[in-house]
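The values are calculated or read from the model by the stated rules, or taken from the named source; none is laboratory data. In this text, all values refer to a predicted model and were calculated from it rather than measured experimentally. Don't worry about glycine lacking a Cβ; one is built from the backbone with ideal geometry, like all the others, and counts go over all protein chains shown.
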2 protein chains.
Amino acid sequence: MATIFDIAKKAGVSITTVSRALNGYSDVNENTRQMIVAIAEDLKYYPNAAARNLQGKKTNTIAFAPRLNDHLEAEPFFKEFTGVLALASFKHDLSLLVTLVSQNRNIEEVYRELAGTGRVDGIILADIRPSDERIALLQSLKTPFVAFGRTQDYQRMKYPFVDVDGKAGVMKVIEHLYKNGHRRIAYMGESFTLTYALDRYDGYRQGLKDFGLVEDPRLVGSNLQNEASVSAAVKQMLALPAEERPTAMVAGNDYLALHLLEVLPGLGFSIGKEPGQIAVTGFDDLPFASFLQPALTTLRQPIVATCTVLLDLLTALIKNQSEPVSFSEPDPGLTLIGPNQVLLQPELIVRASA
Amino acid sequence: MATIFDIAKKAGVSITTVSRALNGYSDVNENTRQMIVAIAEDLKYYPNAAARNLQGKKTNTIAFAPRLNDHLEAEPFFKEFTGVLALASFKHDLSLLVTLVSQNRNIEEVYRELAGTGRVDGIILADIRPSDERIALLQSLKTPFVAFGRTQDYQRMKYPFVDVDGKAGVMKVIEHLYKNGHRRIAYMGESFTLTYALDRYDGYRQGLKDFGLVEDPRLVGSNLQNEASVSAAVKQMLALPAEERPTAMVAGNDYLALHLLEVLPGLGFSIGKEPGQIAVTGFDDLPFASFLQPALTTLRQPIVATCTVLLDLLTALIKNQSEPVSFSEPDPGLTLIGPNQVLLQPELIVRASA
DNA sequence: AATTATACCCAAAACGTTTTGGTTGTCAAG
DNA sequence: CTTGACAACCAAAACGTTTTGGGTATAATT
């Protein structure tokens, strides 16, 4: 690999001049520059990223460092999200460093290593919990970062994030179901360790309240993560006396909804919006949702918009523009709920299942 | 950020000793080491990655640098693949640097930058073409790399790769169709710039030949990439006299098959394996394939096995074990067709559509 | 008592850049 | 003829590690 020294020798100038020529400084003669550039091309010179970094230059790389969930229920969403984020980064001319963080590993260590040691210019967090140590850590490290999701104390902590309004989303679902005549609506929830899961459940409770329904604990499943647990929860609910059974089931994500579609027919229940059928809804609108049988009524998570805004925020922070930025893809469902704190609305996609 | 100097000062030793203590060398007293480790923890010291790199140390990072396709037909596969690769890298304790390479950008530049400048320990290529400049380039740079897919001259070039045997796969499909009575089988192909696409088409031709069928150019679509082009091709084929029409359509990937499922009913044709219906097959077995209506008969691409083997090969190369390695997930469908050249068999998944 | 071995430590070089704080020479203005 | 401005260049420091090639005690061996 050719270095700046090789070029300097060949050109008969100092390495300073080579560096400045290549970086477009004005204090080098145009002829000299052209000669240097020609030699650099000839030698196939490309600057060593590590050396450049060590000088505190930008890496043009951002990290995506989600905490890995033990249950891989969220894996399809992870793949979708990562893919979209990679494409979005590409549009900003950034590389994406994907570093998964295992649960049991020392969280602080991982993020300090990412933040403080010149590997990346900024970090995107995901899988935020109601109370998440990582926020304060990254703030103290003064690394540009944006979270996908928020903690409970987001107002006080004033960190930048993008979140999808799961609560409002599920409330829309409840409204939809209520208007279709449903009065006994069950909630099939995932593990409640992450904020978004709680948020969606919150939407369920608020939705019921708004329509004067009371929450029946027997109609709430939690910590569901695979077909077995869904099946168990469903059986319990459907063992209730006919008039106490749910007529609709709101799932915390598309995968749980998918399991419902698999389990219910086996128990002799039909799924759909007709009277006598059980209505089922999901959350995310993953690519398979529209192909399910019946097609799944769900909330579409605006993944592309999310990634776009995440990157808009992060690149602004990296450039040290602490002021709120304007977004490259302004969205009707976008609200600024604080400085650099963005809330996006999921879209209710009504299909055949509810 | 604390540096090695801060620790040295506090401990009253030289930076050499700090470095060696932290890196587990034997020439430092156990008491000294413990003191140094304690101070390091206290100061929340984490070594600067750039500095370490500059010394030629490993980065524990590998790059995934696919060439971006202009048509995004392959996008769902890209997402799936990237996600699985990230998870696989995680299991090897590696970070994954995703760098998309745009078509029009100077290819050489990108890969030289990745390879020569200490950002990553190795590279995974994808979207290989029959003749692909990148292979020779990376070989000349002496960077560890593995390709997903192969060039035409893979025997001569002797570079490591993992490929899925698209030719054998499609041949299996043809056999399946033939045995179900089909004699007029159409092929709906994507753009043929990438090797795998040609390979699949090759399987189609060979399959026909094996069963004594002759290829009818009117039954071959190429360069299909969206619903419109699929629709046009289909209409042309179905405008043929009844006895010359295809009774089965083999698509080059699941997305094209999906388009077929959308287009055919609108033209008054039913899809399935019954006489009178048109049989449709895909390739990839993306997550949605089983949910299509009718469920798609397709070839399952072993993405997890592919990524596992890619990483087995790459980590071995990084460790300088040029010898073929043993694979952590030995697969029945795995063949070693050359040193470090692995071929995996796709699995025929028969569902309702054919 | 002199030599050798061993344990422990360190100064300086090296990695390849960018940045700092100059110097030198030329030309125009005074 | 002097001064100042400007263009063009450069030596050295800096970034934070690891590695090289030692050194200096102390203990063990002759």
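Quick rundown of the values:
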{"item": "Members of region A:110-146 found to be over 20 Å from A:ASN53 (Cβ atoms), not hydrophobic (A, V, I, L, M, F, W, C) and not in a loop (DSSP other than H, G, I, E, B), listed by number", "result": "A:GLU133, A:ARG134, A:GLN139, A:SER140"}
{"item": "Residue, nearest to A:MET35 (Cα to Cα), within region A:45-63, restricted to residues that are buried (at least 21 other Cβ atoms within 10 Å of the Cβ) and among the small types (Gly, Ala, Ser)", "result": "A:ALA49"}
{"item": "Filter result (touching a residue at least 24 places away in the same chain (Cβ under 8 Å) and within 20 Å of A:LEU97 (Cβ to Cβ)) within region A:136-160", "result": "A:LEU137, A:LEU138, A:LEU141, A:THR143, A:PRO144, A:PHE145, A:VAL146, A:PHE148, A:GLY149, A:PRO160"}
{"item": "First in region B:28-45 and within 21 Å of A:LEU141 (Cα to Cα) and more than 14 Å from every other protein chain (Cβ to nearest Cβ), second anywhere and within 9 Å of DNA strand C (Cβ to nearest atom) and among the hydrophobic types (A, V, I, L, M, F, W, C), Cβ under 6 Å, 6 or more apart", "result": "B:ILE39/B:ALA11"}
{"item": "Selection status of B:THR82, surrounded by 17 or more Cβ atoms within 10 Å (Cβ to Cβ) and near DNA strand D (Cβ under 9 Å from one of its atoms)", "result": "no"}
{"item": "Residue check for A:PHE77: over 26 Å from B:LEU54 (Cα atoms), modelled with pLDDT under 95, in the same structural domain as A:LEU317 (by TED's automatic domain parsing) and buried (at least 16 other Cβ atoms within 10 Å of the Cβ)", "result": "yes"}
{"item": "Condition met for A:ILE15 (away from chain B (no Cβ under 14 Å), under 21 Å from B:ASN53 (Cβ atoms), within 12 Å of DNA strand D (Cβ to nearest atom) and free of Cβ contacts under 8 Å to residues at least 60 places away in the same chain)", "result": "yes"}
{"item": "Elements of type helices (runs of 4 or more DSSP H) contained in region B:147-243, each with 2 or more residues being modelled with pLDDT under 95", "result": "B:227-238"}
{"item": "Count of residues meeting criterion [of a type in the set (S, T, N, Q) and near DNA strand D (Cβ under 7 Å from one of its atoms)] in region B:34-64", "result": "2"}
{"item": "Candidate set from region B:274-287 (those that are at pLDDT 95 or above and farther than 12 Å from B:ASN253 by Cβ); member that is surrounded by the fewest Cβ atoms within 10 Å (Cβ to Cβ)", "result": "B:GLN277"}
{"item": "Residue in region B:97-144 that is farthest from B:LYS79 (Cα to Cα), counting only those that are more than 10 Å from chain A (Cβ to nearest Cβ) and among the β-branched types (Val, Ile, Thr)", "result": "B:THR143"}
{"item": "Entirely in region B:1-92, the helices (runs of 4 or more DSSP H) that have 2 or more residues that are within 16 Å of DNA strand C (Cβ to nearest atom) and among the β-branched types (Val, Ile, Thr)", "result": "B:4-11, B:15-22, B:30-42"}
{"item": "Residue selected from region B:161-172 under the condition in contact (Cβ under 8 Å) with a residue 60 or more places away in the chain and more than 11 Å from the chain's Cα centre (by Cα), by the criterion surrounded by the most Cβ atoms within 10 Å (Cβ to Cβ)", "result": "B:VAL170"}
